[in-house]
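The block underneath contains the structure these notes are about, expressed in structure tokens.
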Amino acid sequence: MDFLKQIRILPRWVIASLDAFILFQSAFFAYLVRFNFELELVEQNNAFFGSLVFMVLGVIVMLWTRSYQGIVRHTGFRDSVIIFKTILFSFFLASFANLIYYRLIFKNYLIPTSVLIIAALTSLFLLVFYRLLVKELFLYLRSGFVNNKVKVGVIFGASEAGIIANDVIKRDSNSNFVIAAFLDDDPKKEGKIIEGKKIHKGLDSLSKLVENQGVSELIIAVRDLSVQRKKEIIDACYIHKIHVSIVPPLNQWINRGLNSEAIRDLKIEDLLGREQISLENPRVKSGLENKVVLVTGAAGSIGSELCRQIMFYNPKMVVLLDMAESTLYELDIDLRESGMITPHITILADIRDKSSMKAVFSKIKPDIVFHAAAYKHVPMIENYPEEAIKSNILGTKILADLAVLYHVEKFVFVSTDKAVNPTNVMGATKRAAEMYVQSLNTYLENHHKKSYTRFITTRFGNVLGSNGSVVPLFKKQIQKGGPITVTHPDVTRYFMTIPEASQLVIEAGIMGNGGEIYAFDMGEPLKILDLAVNMIHLSGKKVGDDISIVFTGLRDGEKLYEELLNDSEIAKITHHPKIKIAQVSGVHYYKIDSQLEIFFNMVGKSSENDLVFHLKSIIPEFKSSVSRFEVLDRLN
């Protein structure tokens with residue numbers, strides 16, 4: 001039967017021949033019915049000739065309606081309508097031929113009217129029926145009779161998305177799914193049938209479907225399904241050893257082509273402890289349109305997504321700046337192949353090099369700067385504090401000063417929740433940079449009230465899937481068979497997705513008036529242990545039996561939990577309910593400027609302890625945790 005599997009589309013001449021044969025047989029059958037199967041009467045009424053005429057006239061109409069050009073295995077309602085038109089016009093054409101033949105030639109009918117009616121109805125039924133039969137045969141050969149690697153699945157969601165998913169899976173010859181049933185939380189749909197598949201209520205029938213029909217896959221096809229319900233589905237599927245997938249939003253599915261490859265595995269991003277945050281602000285477009293936008297750290301996780309999202313708002317140009325050659329090159333190629341029409345250029349440079357940055361600003365004259373370049377790995381930075389000071393503090397100061405010098409409209413600084421009550425060098429360097437850009441904005445506001453560079457800060461938690469996230473680490477550990485390493489059973493973090501983080505940065509850049517520190521209302525923090533357990537479940541493994549979890553202890557500078565505001569900060573409501581402004585006590589510009597200038601003289605000369613001690617003098621709330629720098633706190 002392998003050769004049948006290779007026949008993907010029946011040739012047109014085969015379909016046309018089958019249609020002509022059915023027209024002839026339908027007419028001949030009509031003669032038999034009309035004359036009560038009395039062969040003598042059938043012969044006397046020229047059944048063969050009449051059937052041949054009906055077939056020829058039908059073929060003539062077929063050439064006009066092109067009913068034979070449809071792909072049989074994709075037969076649907078529209079194909080049936082075309083066949084109906086073909087038979088209807090054939091009937092009228094045959095009736096007209098009857099009239100001409102009767103009045104002008106032999107005073108007799110070519111085909112009796114009763115025979116014509118029976119033939120039309122019979123051929124309509126058979127033409128549609130055989131197409132549906134062939135369609136089902138293809139599905140049968142692909143799903144069970146030929147393909148023994150098929151997966152039996154159920155679709156959670158019996159609404160529009162679920163029906164489209166079922167149709168796509170059936171039509172896609174590359175799909176290895178066969179849908180056995182639908183599941184839906186709506187009790188009104190229970191027991192109803194969609195394309196021969198029964199709708200079951202919720203997850204109640206999941207165990208029976210696994211036992212009776214061998215279900216091994218569940219596809220979530222519900223728009224805006226709550227995170228809690230997704231977790232309940234995963235837990236139920238985990239018990240029954242069912243793999244969970246999800247369909248993309250309908251607009252993405254249609255834009256990328258309707259095929260089963262778009263059905264993807266459920267990601268940990270789909271299980272945030274809150275609903276995904278979406279920002280839609282028409283002012284963002286007007287704020288970015290026709291502007292030259294510079295993105296530092298453009299090759300990083302946040303920077304690259306920033307570039308992609310900014311390009312949708314039709315800026316005049318996007319400038320991608322980074323010191324990582326390979327990843328910058330890959331981003332450049334990716335953007336060029338994406339089909340985006342917004343022009344962009346790449347600049348390989350180091351933000352710590354003042355002369356290099358001055359040349360960049362002088363040449364491109366940016367209107368808006370999104371500063372995402374930074375060192376961010378807490379344990380690594382704890383070992384190399386001087387590098388963090390040079391990049392996170394002095395690099396930011398160089399860029400901020402140049403932004404003022406070259407009349408940049410807005411400078412958006414990407415910070416972190418680790419800057420709040422910092423316990424590590426990385427968080428402290430980001431806090432020092434926050435203090436500088438805020439104080440600079442206040443200074444400019446007081447001394448240049450008409451026109452000055454606006455400095456805005458964005459502060460958010462860990463980004464799922466980014467280079468610094470635990471998610472890629474956990475994925476690698478699961479692929480290797482474990483164990484997954486978690487620092488502490490009680491450690492918690494705020495999480496957001498890369499698109500969410502990038503949206504916040506762009507929104508802040510456009511909506512900010514200067515001096516604000518924007519932060520998301522990110523809901524409840526997520527325990528890293530729960531994250532690890534969920535990822536093991538999503539991989540189809542069992543905690544303990546397949547993948548073990550090992551606690552390694554807190555790393556240098558690591559907190560048990562993160563904060564978005566410190567004790568002295570107050571959250572102010574903004575235009576969006578999920579975005580807050582942290583009301584932070586200001587620092588005098590000349591004071592912080594002179595303090596940071598000292599670092600320029602210290603780097604390359606002073607010891608790590610001296611550098612960190614000076615950093616602690618700038619940020620009194622910086623208290624080291626699980627770090628060799630804890631001794632410095634006792635000296636203050």
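The values are calculated or read from the model by the stated rules, or taken from the named source; none is laboratory data. For clarity, every value in this text was computed on a predicted model and none was experimentally measured. Please note: Cβ atoms are built from the backbone with ideal geometry, for glycine as well, and neighbour counts cover all protein chains shown.
The table that follows gives values for the structure above.
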item: Flag if Val59 is hydrophobic (A, V, I, L, M, F, W, C) and at pLDDT 80 or above; result: yes
item: Helices (runs of 4 or more DSSP H) within region 322-437 that include 1 or more residues in contact (Cβ under 8 Å) with a residue 40 or more places away in the chain and either in contact with a Phe, Trp or Tyr (Cβ under 6 Å, 6 or more places away or on another chain) or surrounded by fewer than 22 Cβ atoms within 10 Å (Cβ to Cβ) (or both); result: 354-364, 378-383, 385-388, 396-405
item: Single unsatisfied condition, Asn314 versus (1) surrounded by fewer than 17 Cβ atoms within 10 Å (Cβ to Cβ); (2) part of a helix (DSSP H, G or I); result: (2)
item: Residues satisfying the stated conditions in region 369-390, i.e. within 30 Å of Glu409 (Cα to Cα) and among the acidic types (Asp, Glu); result: Glu387
item: Some residue of region 487-503 being in contact with a Gly (Cβ under 7 Å, 6 or more places away or on another chain), assigned to a helix (DSSP H, G or I) and buried (at least 24 other Cβ atoms within 10 Å of the Cβ); result: no
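Here's the yes/no breakdown for (1) of a type in the set (A, V, I, L, M); (2) over 15 Å from Asp556 (Cα atoms):
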| position | (1), (2) |
| --- | --- |
| Ser594 | no, yes |
| Ile598 | yes, yes |
| Ser607 | no, yes |
| Asp610 | no, yes |
| Ser617 | no, yes |
| Lys623 | no, no |
| Phe629 | no, no |
| Arg634 | no, yes |
